[in-house]
Amino acid sequence: MSDALGLTAQPVLTLERRHNRREDLRSLARLCRRFGVVGIVVGNPVHLSGEMSPQAARTQAFAAELGKLTGLPIHLCDERLTTREAHQILYEAGHARQEHRRVVDQVAATLILQAFLEQGSGVSDQGSEVRDQGSENR
């Protein structure tokens, strides 16, 4: 989540994915309503080269479904190397490697949102179409 001014990203919680895609979507939609979300930033897992990966295609389909269900704008944001950066941050903060698994996704998600906010892309003035912010690298 970002602060009210859209300047800083803070972790809230990590949802554990279920085997039921519909339930995952509903859980996210409930969280959006609970926190008054005005837009959703989704990490887009493209290859390091910028080419579309199979996971990126699945992520974009999931993001489009989430946008339809919530009625909120969805923004795809390049997530290359964010997990690596999250591990580095945790390591530098003194966390043991075996503890990283619990929080690394949350830290990476915070980094993705912070990068989006720093681009000045503010979610309040965007349309409702899924956008790929890493597309210029393809």
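Each reported figure results from applying straightforward, stated rules to the coordinates on display, with no laboratory input. Just so you know, these numbers come straight off a predicted model, no measurement behind them.
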field: Relative intensity, log₁₀ I(q)/I(0), of region 15-64 from a Debye sum that treats every alpha carbon as a point, q = 0.13, 0.31 Å⁻¹
entry: -0.38, -1.19
query: Quick one: in region 21-133, what % of C-alpha pairs are over 23 Å apart?
result: 33 percent
- prompt: Relative contact order, percent, of region 1-124 when contacts are C-alpha pairs under 8 Å separated by at least 6 residues?
  reply: 34 percent
- line: Karplus ³J(HN,Hα) for region 22-33 (6.51 cos²θ - 1.76 cosθ + 1.60, θ = phi - 60°; Hz, whole; x = Gly/Pro) runs 4, 5, 4, 4, 5, 4, 5, 4, 4, 5, 4, 5
message: Please report the spacing between the Cα centers of region 51-107 and region 7-45 in Å, no decimals.
response: 11 Å
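Calculate for the chain the 222 nm mean residue ellipticity that helices alone would give, adding -39,500 (n - 2.57) per DSSP H run of length 4 or more and normalising by residue count, nearest 500 deg cm²/dmol. Please report the intermediate quantities before stating the final value.
Working: 4 runs with 65 residues, N = 138.
-15500 deg cm²/dmol, from helical runs alone.
Where both residues lie in the chain, what percent of DSSP beta bridges are antiparallel, nearest 5? Spell out each step's value before the answer.
On the way: 1 of 8 bridges.
Of all bridge pairs located within the chain, approximately 10 percent are antiparallel.
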